[in-house]
Amino acid sequence: MPLSTQSQADIDQYILIASLDNARNLSNILKAISFKDHAIFNATQNGLKVTVEDSKCLQANAFIQADIFQEYTIKEDAVGFQVNLTVLLDCLTIFGGSTVPGVCTALRMCYNGYGYPLTLFLEEGGVVTVCKINTQEPEEPIDFDFCSTNVTNKVILQSDSLKEAFSELDMTSEVLQITMSPSHPYFRLSTFGNSGNAHYDYPKDSDMMELFQCTKLQTNRYKMSLLKPSTKALALSCKVSVRTDSRGFLSLQYLVRNDDGQICFVEYYCCPDEEVGEE
């Protein structure tokens, strides 16, 4: 096991230990939510939840289940801290983040509790580097109160089809308009950019549509500047769930497979843009 030279006494002092044979399985999913410097880590017996927010209008959560890790030990019901995500990603890729087959950076991530740094032990090719990142008391994440019982419309798409839509829509548009309806046009993405208005429609029986559950017509607009960070998660994902609730809040949940074929989830919540009325 990599990094096995640490003494038991060193290991016992930590309240959280999470080890990976391949650090890319953590760094890749963190890159999918890296649009602000600071991230809130919340660890439970189930795994890690990492949250990044922007101006109370956008929240991204990465979920890394405990069984993704080769070792996952937590000595309290919940452990929380805040770190600089940019610094953390720089440390995780300190060996260059090699994609060469068979060459992996092993990681042991340790935390000793409030006031202590987050300590990373990274090993590649017999070379071990230790990084200590200052932690802060975590801020309370915004509660978007996005409850499944209030979801009015939901579709699940193959990610490739959404990537294709984003490549064809006019990204100079300030907003992305999403129309979901039990009848035509079913699921429509619209932009209003420099080159005019553009629409991208998905028939409900499309091969790219895995699930279509729409109970009423809803048209909402979302600031493109808020949605652009989510394209990082889209690029890594194989499926995406698009949900809206009765208030027009948007949930984008991305299913991401890591290098070992294991499944993680990234979820973005976005407020509707109330400054723009419907046309």
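Couplings 3J(HN,Hα) for the range 113-121, derived from phi with the Karplus relation 6.51 cos²θ - 1.76 cosθ + 1.60 (θ = phi - 60°), are x, 3, x, 9, x, 7, 9, 10, 9 Hz, where x marks Gly and Pro. When you count the other C-beta atoms within 10 angstrom of each residue and take the mean per peptide, 126-132, 156-162, 238-244, 198-204 line up highest first as 238-244, 156-162, 198-204, 126-132.
Considering only Ile263, Ile40, Ile64, the Gaussian network model of the chain with Cα springs below 10 Å gives its largest mean-square fluctuation to Ile263.
Note down the relative contact order for the chain as a percent, whole number, built from C-alpha pairs under 8 angstrom at least six residues apart. Spell out each step's value before the answer.
On the way: 619 pairs, mean separation 53.5, N = 279.
Rounded, it is 19 percent for the chain.
Our summary of shape: the Cα atoms of the range 135-279 have principal axis extents of 46, 35, 34 Å, ordered from largest down, in whole angstrom. Per residue, the accessible area of the chain comes to 47 Å², computed with a 1.4 Å probe over protein heavy atoms only.
Heavy-atom surface analysis with a 1.4 Å probe gives the chain a carbon and sulfur content of 47 percent of its accessible area. Within the range 38-63, list the residues whose amide N lies under 13 Å from a label point set 7 Å along Cα→Cβ of Glu139. In the range 38-63, the label zone of Glu139 (backbone N under 13 Å from the point 7 Å along Cα→Cβ) covers 38-41, 51-60. Largest first and in whole Å, the equivalent-ellipsoid semi-axes of the chain read 38, 19, 17, each the square root of five times a Cα gyration tensor eigenvalue. If only the Cβ of Lys and Arg carry +1 and only the Cβ of Asp and Glu carry -1, the dipole of the chain around its Cα centre is close to 240 debye. Within 10 Å of each candidate Cβ there may be at most 14 other Cβ atoms; applying that plus a DSSP loop requirement, which chymotrypsin sites (Phe, Trp or Tyr not before Pro) in the range 77-173 survive? Qualifying residues, ordered by number: Tyr114.
Among Arg221, Arg188, Arg24, the residue with the largest mean-square fluctuation in a Gaussian network model of the chain, with springs joining Cα atoms closer than 10 Å, is Arg188.
Across q = 0.19 Å⁻¹, the range 100-174 modelled as identical point scatterers on its alpha-carbon atoms has Debye log10 I(q)/I(0) values of -0.87, in the order of the q list.
The alpha-carbon atoms of the range 219-259 define a convex hull whose volume equals 69 cubic angstrom per residue.
The values are calculated or read from the model by the stated rules, or taken from the named source; none is laboratory data. Predicted model only: the values in this text are computed from it and were never measured. Glycine gets a Cβ as well: all are built from the backbone with ideal geometry, and neighbour counts include every protein chain shown. These area figures cover heavy atoms from the full protein model, side chains too; ligands, DNA and RNA do not enter into them. Shrake-Rupley method; radii C 1.70, N 1.55, O 1.52, S 1.80 Å.
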